[in-house]
Amino acid sequence: MTSNRFQTRREMLSRAGAGFGAIALSGLLQDERVRAGEKAHHTPTAKNVIFLFMEGGPSAMDLFDPKPKLRELAGQPLPDSFGPIITPMGEYNAPLLADKRKWKQHGEAGTWVSDWLPNIANCVDDIAVIRSLHGNGLNHSNGVCQMNTCSIRGGRPSLGSWVSYGLGTENSNLPGFVVLEDIPNKVFNKSRNWSAGFMPAVYQGTALYNSNPPIKNLTPPGSLSSDRQLEKLELLTTVNKRHASKLSKEQSELEARIESFELAYRMQQAAPDAVDLASETEETKKLYGMDQDDTKDFGKNCLLARRLVERGVRFVQLYHGCGSKWDAHQNIESNHTKNCKASDKPVAGLIQDLKRRGLLEETLVIWGGEFGRTPMSEKGTGRDHNAYGFTMFMAGGGVKGGQVIGTTDEVGLHAVEDRMHIKDLHTTILYLLGIDNMKLVYHHQGRPERPTLNEGSPMLKLLG
Amino acid sequence: MRCNLAFFTFVFALLNLALSNTFLMAQAESSQQVKFFEEKIRPLLARHCYECHGDKKQKSGLRVDSIDALIKGGDSGQAVVPGKPGESLLLAAVNYDGLEMPPKEKLSSEEIDHLATWIRSGAPWPQSNLTPAQNLTLRFTESQKNFWAFQPIQIPRIPNSNSPWVTNAIDQFVLQKLNAHDLSPAQIANPEKLLRRLYFDLTGLAPSSDTVTDFIADPSEEHYRSIVDSLLASPQYGERWARFWLDLVRYAESDGYNSDSYRSGAWHYRDYVIKAFQNDKPYDQFIQEQLAGDELAPQNLEAQIATGYLRHWIYEYNQRDAKSQWAIILNDITDVTGDTFLGMGMSCARCHDHKFDPILQEDYFRLQAFFSPLLPINRIINAPAEKIAEYQQKLLIWEEATKDVRQQIDEMQASQKKSSRHAQYSKFPLDVRPFLFKSPAERSPYEQQLAYLADLQVDAQITKIKWEDHFKDDKKAQWEELTAKLKEFDKLKPLALEVLPTITDVGANPPETFIQDTDELVQPGILSIIDPSDTLIQQNVGAPTTGRRTALAHWITNKKNPLTSRVMVNRIWQHYFGEGIVATPSDFGILGSRPTHPELLDYLASELTSNKWSIKHIHRLILHSSTYRQSAMNPMGEKARGIDFDNVLLWRANVRRLDAEQIRDSLLAASGELDRKSLGPPVEASKPRRSIYLKVIRNQPNELLMAFDGTDNILSTPERMTTTTPNQALLVLNNDWIVERANKLAANTEPDDASPKTLDAAVSHLHLHLFGRPVQDTELATAHKFLTKNTSLSANWQDYCHVLLCSNEFFYLD
């Protein structure tokens, strides 16, 4: 008799089994992937992902996508030829707002970057700028949700969860999917953004804090000595083994739970080590901007991201500007000046540091927000949300640097050439990791669920 | 088969005669031709082609639902040349010769032969006498029509084993299957294990030490049954079983999305569900009230609260795209209704005919049409009539007294309110804006629904106006004077009565329901596989609603509906055995599991409907059975595992982890802090109330509950997962709240001294308290060793209590 209680051996291992590490380590995963049809159709070019989420929506036409026409038409309403759109704040007839940036072509490839991002500009030969993203999220909640799950509506697993489900982790002592917020508990939609949705909790993101303890509940409250803690764990093992001696044949979870305490104990050693920056040189810290007040916080998170990836964490998501700090509805000048200053150096430092350590080859770095901003002004000095056409960039993980993909229209409202929906973006990320978006399936309530809602194509131009 | 042969003979005869197509076409089709066409050709085209080449869509300009359309062809040319299969593109396409149709999977060679035969014979297309409804059913295959879940419930013959193990009919069905696999059931579990299982299953809490001692002393059948009865009558039973229903309907007390506003009054629905289980409300009535309480019992407070079922969707007030948002809300209600009551995953069919199940895209929107007229409404109803009358009377007095002041205030605010509303409306998309400026009376029903969504947003903005800053100079003085004056009457003003989220229809006149992204209208109807005709709606004269939801409720609760009762008894079974008779409780479709004990399922379903839809009747049947009372250990386990590793045949009890709420509640019960107060407004998680009473804010899920696979309350959850993670281990070891519970438990139970006798007593009391069983000697020895370490007895005892709370035995039932 067989029951379909577990859809795959992998799911059985993860539900009944001992959490993150054991799955990947068991060596069963490879077989399983082959069986589930997840074996790469192509060799993966990326092993890890660092997703730098600029929350609130940075402006493409002020950073990576210069629009001379916008300066020409500044002060006029959007010409009808650009077609009607929905803007959440509804200033439909507001005049177009010119950018006030100094633009220069950078690197050997001559990629345009504005003076707001001088350090990232130095990395452009490792970066592929994609100017043609588009999505469906009008407001932040929908947009952030879609950038994480492909759907504007909550309840689905996030990309990091799908990746953990598909590939597991390489380090049994750390979670496979880690999230760092620059301002904890402020991000739009909160922890729902890294939820595993309808998949088992083992695939959900673990929030890592820039403080002690770095993971919730990592250390006992008060001053429990480590001896006393060990004695408790020993007693617990004795009690549990006695209980499991007969029953474990009928319920494998009992052994798995015994093992989970051992894993937890190992995590207590591994996690503090991952976030301990004592061994990092001053030069490295400086590279991330940790020597300056403006950049030290995000710089630290970027450095932590590198350390996590080094330790085999599969998917690291970094939020910058939690609570929609990039959301420049008015006075974009001061807003973006501040946010660019705080993030430019840390992001560039991360790319450079990964590169010099040989990690960039296998680490895919993604930069962007949930959407971009409108060419039309809002409240005179700001810009509204624009999910119709916006810019993100990728570096490493097999992506060919020094290129610009896609275009928007003359004012930067709609994506035009090489249009890339958020579903295409996720498909591409999965593709680089060696996962076919249509073959990674999780059965839920009778539906074969896939990470990109059964749509999306990879943007192969990224590979060069 | 004989008919087919006859038809082939007929076709060959025709060919031999070399009659021309024109001649054939001109003739009335013979009855064989009609039969062949209706049996082989029309269903084939309907099933494989209509979705993309029918009335809804004409991909590549082609329709295949009439001979004229086929002869006219599409972008690639004439699809059918009557009499000439070789020249008919249709045949080339199905042969994957150039075009490849259908794209997903090639037709069988038999089907292709049928098409060729049909074209060769002149492609006769008999005028159809079929109604549109009958046309829908053409799209189902025979195997879909014969699929078990859609067959009527059969009252099965109960096997008649005379085994002493058998207590009731359930055991007969189970034993028959076990014997057929050469297996025997396990013996009845020992009293302490059975009692612990029973208590957790029915109440979500462990038995008290006294109850355990009593039952060990007298584990008789009578005693067992009297405990079952008393637990079913306890308030804790409702608090436990309501949880499963709340999971299904994604109950929460906040909006979801980002603003995630608190839903005041939503908790009355939670209490309604708890009381419904406690009072054994007949399941048909329970369904009817939730779907159509406002129509069926407009005077009944409970029935109004029950319609809160239709208010649990997530929602974002800060959303200008009102059209999409309304569509998402209706889709959500449609999905949850299909999942919860029918065990049918409808959502695949939203965009296309279901790829596996016999659910047409039309069916999705036929079901949705019952809900299309919905309009949320918050009503003051939660009070006895006399209280409402008293309130209204007092209000009238206040209104009279303040008439002038309020009028002056209104006048001062009017122009600003109007311009603010105007400015807000102007920010809505072009396809919504125009009708926002219409007067309410001019709006169509659909426009009224969108305006409802828009106004929630606009009104929120208007309430944010700071009037004291808005007015300047003289006006400001005037404003302050008026508001001060109004305040003087506050003592006359009655305390506001509570407003509850309920539902009505936008009016007696329903808005139109279209199939998504088409202009194809549909009428309310149930699954076509069961009944393809439009559902007859009986509207009461003068009623404020359409009567559609009443019609749906009546169909769902019709005893002949093959799904409703099966789905519900399966859910009850699932919660006792860890797995349903159908292992996919909200998916009785083709991708779902088949019933392991189909006769037992039908037996229970018919017991439900023939016993006034009493849920407690089903509980008793299950709890009285030996199947439920089995031990988790079976002496023939070695062999049984080889035959049925997953225990699908039920040769033992399953070892199950407690779920999130049971874990939290048990920790509070263990520390002696559990507040057993029933019902009422939600409380913060710091309060020691049962978990079902905790405030459910979607974006602030409770850390402990979520760690143990609680629900996110966004999607319908038919089944909790059980995951085992190191994060859980860290949580039980280190989390402040849990350590506090352990310390409380330690303080309540700490032995006075370290003498062996005192320690023995304390340790054995602790085992009885936490695990519901006497302590064993080996456990005493372990405890002694641990408790007499160098550290203080207090510290040791704290650690010991904490360890037992972390243990597998505390977290699992066997």
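Between B:Leu396 and A:Tyr209, the distance separating the two model label sites (each 7 Å from Cα on the Cα→Cβ line) works out to 5.8 nm. Temperature 10 °C, viscosity 1.306 mPa s: under these conditions the Stokes-Einstein estimate for the protein assembly as shown, based on its Kirkwood radius over C-alpha pairs, is 46 µm² per second.
Please compute one quarter of the surface area of the Cα convex hull for region A:126-250 and express it in square nanometres. Please report the intermediate quantities before stating the final value.
Numbers: hull surface 49.9 nm².
Mean orientational projected area (region A:126-250, Cα hull): 12.5 nm².
I'd like to know how region B:633-765 sits against the 2.2 N^0.38 Å rule of thumb: what's its Cα Rg over that expected value? If you can, show how the numbers build up before the last one.
Working: Rg = 19.2 Å, N = 133, 2.2 N^0.38 = 14.1 Å.
Rounded to two decimals, the normalised Rg is 1.36.
Once you list every other residue whose beta carbon is under 15 Å from the beta carbon of B:Ala306, what net charge do they have if Lys and Arg are +1 and Asp and Glu are -1? Spelling it out: positives minus negatives among the neighbours equals 0.
In what order do A:Met420, B:Met721, A:Met54, A:Met61 fall by count of nearby beta-carbon atoms within 10 Å, going from fewest to most?
On the way: A:Met420 25, B:Met721 17, A:Met54 22, A:Met61 28.
Ascending Cβ contact count within 10 Å gives the list B:Met721, A:Met54, A:Met420, A:Met61.
Sorted on the mean count of surrounding Cβ atoms within 10 Å across their residues, most packed first, peptides B:238-244, B:180-186 read B:238-244, B:180-186. Ranking of B:Asp709, B:Asp410 by neighbouring Cβ atoms within 10 Å, starting from the fewest: B:Asp410, B:Asp709.
Of the residues B:Phe437, B:Leu497, B:Trp398, the one whose Cα sits farthest towards the positive end of the charge dipole of region B:385-497 is B:Phe437 (charges of +1 on Lys and Arg Cβ, -1 on Asp and Glu Cβ, taken about the Cα centre).
With +1 on the Cβ of every Lys and Arg and -1 on the Cβ of every Asp and Glu, and nothing else charged, how large is the dipole of the protein assembly as shown about its Cα centre, in debye rounded to the nearest 20? It would help to have the intermediate numbers written out before the result.
Working: 142 positive and 157 negative charges, 106 e Å.
That gives the protein assembly as shown a dipole magnitude of about 500 debye.
In a reduced charge model with +1 at each Lys and Arg Cβ and -1 at each Asp and Glu Cβ, chain B shows a dipole moment near 560 debye about its Cα centre. Under the definition of Cα pairs under 8 Å and six or more residues apart, what whole-number percent is the relative contact order of chain B? Worked out over chain B, it gives 17 percent.
Remark on chain B: hydrodynamic radius 31.4 angstrom, per the Kirkwood mean of 1/r across alpha carbon pairs. For region B:733-813, the relative contact order works out to 35 percent when only alpha carbon pairs closer than 8 Å and six or more residues apart are counted.
Could you tell me the convex hull volume per residue, in Å³, taken over the Cα atoms of region A:226-275? Walk me through the intermediate numbers first.
Working: hull volume 2.6 nm³, N = 50.
Convex hull of Cα atoms, per residue: 53 Å³.
Treating only the Cβ of Lys, Arg, Asp and Glu as charged (+1, +1, -1, -1), what charge dipole size does chain A show about its Cα centre? Round to the nearest 20 debye. Can you show the working numbers first?
Details: 55 positive and 53 negative charges, 212 e Å.
I would put it at about 1020 debye.
Residue by residue through A:181-192, how many Cβ atoms from other chains fall within 10 Å of the Cβ on average? Walk me through the numbers on the way to the answer.
On the way: counts 0, 0, 0, 0, 1, 0, 1, 3, 6, 7, 6, 10.
Partner-chain Cβ atoms within 10 Å, mean over residues of A:181-192: 3.
In Å, what Kirkwood hydrodynamic radius results for region B:657-723 from the alpha-carbon pair distances? Intermediate results must be reported in sequence, preceding the final value.
Values: mean 1/r = 0.0796 Å⁻¹.
Evaluated over region B:657-723, this radius sits at 12.6 Å.
Per-residue counts of other Cβ atoms within 10 Å, averaged by peptide: what ranking do you get for B:698-707, B:252-261, B:508-517, highest first? It would help to have the intermediate numbers written out before the result.
On the way: B:698-707: 19.2, B:252-261: 21.5, B:508-517: 16.3.
Listed from highest to lowest mean packing, they are B:252-261, B:698-707, B:508-517.
Reducing region B:141-161 and region B:229-251 to their Cα centroids gives an inter-centroid distance of 30 Å. Diffusion of region B:733-813 by Stokes-Einstein, at 25 °C in a medium of 0.890 mPa s and with Rh set to the Kirkwood radius over alpha-carbon pairs, works out to 192 µm²/s.
Compactness check for region A:307-464: Cα Rg over 2.2 N^0.38 Å is 1.16.
Averaged over peptide B:695-703, the number of partner chain Cβ atoms lying within 10 Å of each residue's Cβ comes to 3.
With a 10 Å radius around each residue's Cβ, average the other Cβ atoms per peptide and rank A:44-52, A:426-434, highest first. List each step's numbers first, then the result.
Details: A:44-52: 22.7, A:426-434: 25.1.
Output ranking for A:44-52, A:426-434: A:426-434, A:44-52.
Across the residues of A:129-142, average count of Cβ atoms on other protein chains within 10 Å? Display every interim value, and only then the final one.
Working: counts 0, 0, 0, 0, 0, 0, 0, 2, 0, 8, 8, 4, 10, 8.
Across the residues of A:129-142, the mean count of other-chain Cβ atoms within 10 Å is 3.
Placing unit charges on each Cβ (+1 for Lys and Arg, -1 for Asp and Glu) gives region B:657-723 a dipole about its Cα centre, and among B:Leu674, B:Val696, B:Pro718 the Cα reaching farthest toward its positive end belongs to B:Leu674. Computed with the Debye formula from one identical point scatterer per Cα of chain A, without solvent, the log10 of I(q)/I(0) at q = 0.06, 0.12, 0.14 Å⁻¹ comes to -0.27, -1.01, -1.33. The Cα-based radius of gyration of region B:385-497, divided by its Kirkwood radius, gives an Rg/Rh of 1.06.
Pairs of Cα atoms nearer than 8 Å and 6+ residues apart set the relative contact order; for region B:657-723 it is 34 percent.
Read the figures in this text as sums done on the coordinates, not as results from a lab. As the structure is a computational prediction, the values presented were derived from the model and not from experiment. We place every Cβ from the backbone using ideal geometry, glycine too, and count neighbours over all the protein chains shown.
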